[in-house]
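See below for the structure under consideration.
The values are calculated or read from the model by the stated rules, or taken from the named source; none is laboratory data. Note that the coordinates shown come from a computational prediction; the quantities given were computed from them, not determined experimentally. All Cβ positions, glycine included, derive from the backbone under ideal geometry; neighbour counts span all protein chains shown. Ligands, DNA and RNA are stripped out before the accessible areas are found, and what is left, the full protein with its side chains, is counted by its heavy atoms. Shrake-Rupley method; radii C 1.70, N 1.55, O 1.52, S 1.80 Å.
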Amino acid sequence: QVQLVESGGGLVQAGGSLRLSCAASGSTADINRMGWYRQAPGKQRELVATINRGGSTNYADSVTGRFTISRDNAKNTVYLQMNSLKPEDTSVYYCYVINWNSIDYWGQGTQVTVSS
């Protein structure tokens, strides 16, 4: 089992920045990939960014060049630095991890609201 605790969401004006953090605990040695999804009201959950244990990253086209994902394997923590935020980035952001057995775990979600 892996437990995830997210932090860093909030309200920001368009053009501003926020940094999300997600700390994992429990069976962290089995974690391979970590990442972030988001879900806006009335929309499907969508991938934002992922990073594997070796540091290879993947981003949604809509956030490329604005968001940066990183991780600290020693702290079992993944970060999402979000710059140049837009109102359309407003969503609940969910941290997730997937282990080597392809079992995934999800955080409780943190609200990000970008005002115009």
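Could you pull out every one of the strands (runs of 3 or more DSSP E) wholly within the stretch 1-90 that has 1 or more residues that are under 17 Å from Q108 (Cβ atoms)? Give the derivation first.
Numbers: elements: 2-7, 10-13, 18-26, 31-39, 46-51, 57-59, 67-72, 77-82.
Ranges flagged: 2-7, 10-13, 18-26, 31-39, 46-51, 77-82.
Take the conditions (1) open to solvent by less than 70 Å² (accessible area, probe 1.4 Å); (2) modelled with pLDDT of 95 or more; D61 misses just one of them, which is (1). Among the residues of the stretch 67-87, those identified as in contact (Cβ under 8 Å) with a residue 24 or more places away in the chain, open to solvent by 20 Å² or more (accessible area, probe 1.4 Å) and more than 10 Å from the chain's Cα centre (by Cα) are R71, K75, N76, N83, S84, K86, P87. Filtering the stretch 91-108 to residues that are crowded, with 18+ Cβ neighbours inside 10 Å and either free of Cβ contacts under 8 Å to residues at least 40 places away in the same chain or in a loop (DSSP other than H, G, I, E, B) (or both) leaves only G107.
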